[in-house]
Amino acid sequence: MTETSDGGGGPPRVAQLRPGLWDTVNERYPGSMIDKADFVPLAPLRKPLSECRLVFISTSGVQPKGSMPFDTVHPVGDYSFRRVPSASRPDELEIHQLKYPTASANRDLNVIFPLDRLRELADEGVIGGLAENFYTFIGYNMDPERLERTLAEDIAAAVSEEGADIALAAPA
Amino acid sequence: MALDVTEHAKPPRAVFLPWMMGHHFGVPFHRDLQRRVILECLDHLVSAERSGEVRTLPIPWVQARKEGIEIERRLGLRP
């Protein structure tokens, strides 16, 4: 493991590949980075994992082929989301996102959108099942307040309607 | 990807992976690693005791990449 220490005897910190990213971006585009003042209360798990339906939420820009492509070149971002049926095969999906390297994902989608691994865990009974749909959007959105007020609320409402018990959210 | 970005966003639970963007579940065809990331997240979901706990998966990018290259060689996908 790549670790650093401040020499003060505290626990080592894992080195980042891109240290100082938040400050760097926020300095050039003030207010564009999410910065919450407080932690939300920790929601306890109400039943065993083996009975929980999982929903996956991703900024990967993965979407079903034939659906409206995300607007990857809009200067302030795209605040819409796509439903991706959890029963999809990887070859039924495509990526519309410019802000991360997609060479590996185009060879094996599971590196950013682990459809096959999640399905295996559901089949094995590690989790109770998968929500009918997963949810995706693109990670380039320059207005975090709008993101929270619209996109996050829209996805939260959709997830609630589907009866998911737990959510795995991943950036790309 | 970026621990400082995660710390500013203050998610109730998070697993930090010190890996390249576009590889949050590992490298191509490395099923065990992809699975381990998810299992680590599920375990953290169950065991976290306070909001804001960030768990780290102690696998550096260079190790993940080396293992992935070896798997691709075994699969005949690279010389």
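Suppose the filter is out of contact with any strand residue (DSSP E or B) (no Cβ under 8 Å at 6 or more places or on another chain), open to solvent by 40 Å² or more (accessible area, probe 1.4 Å), in contact (Cβ under 8 Å) with a residue 12 or more places away in the chain and over 30 Å from B:Val46 (Cα atoms); does A:Val73 pass it?
Working: out of contact with any strand residue (DSSP E or B) (no Cβ under 8 Å at 6 or more places or on another chain): yes; open to solvent by 40 Å² or more (accessible area, probe 1.4 Å): yes; in contact (Cβ under 8 Å) with a residue 12 or more places away in the chain: yes; over 30 Å from B:Val46 (Cα atoms): yes.
Yes: the conditions hold for A:Val73.
Of the residues that sit in the range B:1-26 and are part of a helix (DSSP H, G or I) and at the interface with chain A (Cβ under 7 Å from one of its Cβ atoms), which one is surrounded by the most Cβ atoms within 10 Å (Cβ to Cβ)? Reasoning before the result, please.
At the first step, the residues of the range B:1-26 found to be part of a helix (DSSP H, G or I) are B:3-9.
Narrowing the set further to residues that are at the interface with chain A (Cβ under 7 Å from one of its Cβ atoms) leaves B:3-5, B:8-9.
Details: B:Leu3: 21, B:Asp4: 16, B:Val5: 19, B:His8: 16, B:Ala9: 15.
So the residue we want is B:Leu3.
Looking for whichever is over 20 Å from A:Pro19 (Cα atoms), of a type in the set (Gly, Ala, Ser) and within 8 Å of chain A (Cβ to nearest Cβ) here; the options are B:Ser47, B:Ser51. Which one fits? Steps first, answer last, please.
On the way: B:Ser47 fails: within 8 Å of chain A (Cβ to nearest Cβ).
Step by step, each of B:Ser47, B:Ser51 is checked, and only B:Ser51 is over 20 Å from A:Pro19 (Cα atoms), of a type in the set (Gly, Ala, Ser) and within 8 Å of chain A (Cβ to nearest Cβ).
State which residue is surrounded by the fewest Cβ atoms within 10 Å (Cβ to Cβ) when the search covers only the range B:27-36 and only residues that are facing chain A (nearest Cβ under 7 Å) and farther than 17 Å from B:Arg73 by Cα.
B:Arg35
Filter the range A:120-131 down to the residues that are open to solvent by less than 20 Å² (accessible area, probe 1.4 Å) and part of a loop (DSSP other than H, G, I, E, B), then identify the one that is farthest from A:Lys47 (Cα to Cα). It would help to see each step written out before you state the result.
Taking the range A:120-131 as the starting set, the residues that turn out to be open to solvent by less than 20 Å² (accessible area, probe 1.4 Å) are A:121, A:127, A:129, A:131.
Cutting the leftovers down to part of a loop (DSSP other than H, G, I, E, B) gives us A:127, A:131.
Working: A:Ile127: 11, A:Ala131: 16 Å.
Looking at residues that are open to solvent by less than 20 Å² (accessible area, probe 1.4 Å) and part of a loop (DSSP other than H, G, I, E, B), I get A:Ala131.
If I ask for residues that are assigned to a helix (DSSP H, G or I) and open to solvent by 70 Å² or more (accessible area, probe 1.4 Å), which ones from the range B:37-66 would you list? First the steps, then the outcome.
Residues of the range B:37-66 that are assigned to a helix (DSSP H, G or I), as a first pass: B:37-47, B:61-66.
Of everything in the range B:37-66, those that are assigned to a helix (DSSP H, G or I) and open to solvent by 70 Å² or more (accessible area, probe 1.4 Å) turn out to be B:Asp43, B:Val46, B:Val62, B:Gln63, B:Arg65, B:Lys66.
Among (1) aromatic (Phe, Trp, Tyr); (2) more than 22 Å from B:Arg35 (Cα to Cα); (3) open to solvent by less than 20 Å² (accessible area, probe 1.4 Å), there is one condition A:Tyr140 misses while meeting the rest; what is its number?
Just one mismatch for A:Tyr140, condition (3).
Taking A:Arg146 and the conditions (1) away from chain B (no Cβ under 12 Å); (2) in a helix (DSSP H, G or I); (3) more than 29 Å from A:Met33 (Cα to Cα), which numbered condition does it fall short on, given that it satisfies the others?
Against the list (1) away from chain B (no Cβ under 12 Å); (2) in a helix (DSSP H, G or I); (3) more than 29 Å from A:Met33 (Cα to Cα), A:Arg146 comes up short only on (3).
Restricting to the range A:90-119, name every residue that is in contact (Cβ under 8 Å) with a residue 24 or more places away in the chain and not in a helix (DSSP H, G or I). Reasoning before the result, please.
Let us first name the residues in the range A:90-119 that are in contact (Cβ under 8 Å) with a residue 24 or more places away in the chain, namely A:90, A:92-100, A:105, A:109, A:112-116, A:118-119.
Answer for the range A:90-119, where residues must be in contact (Cβ under 8 Å) with a residue 24 or more places away in the chain and not in a helix (DSSP H, G or I): A:Leu93, A:Glu94, A:Ile95, A:His96, A:Gln97, A:Leu98, A:Lys99, A:Tyr100, A:Ile112, A:Phe113, A:Pro114.
The values are calculated or read from the model by the stated rules, or taken from the named source; none is laboratory data. None of the values given here were measured: they were computed from a predicted structure. Don't worry about glycine lacking a Cβ; one is built from the backbone with ideal geometry, like all the others, and counts go over all protein chains shown. Just the protein is used for accessible areas: all its heavy atoms, side chains included, with ligands, DNA and RNA removed. Shrake-Rupley method; radii C 1.70, N 1.55, O 1.52, S 1.80 Å.
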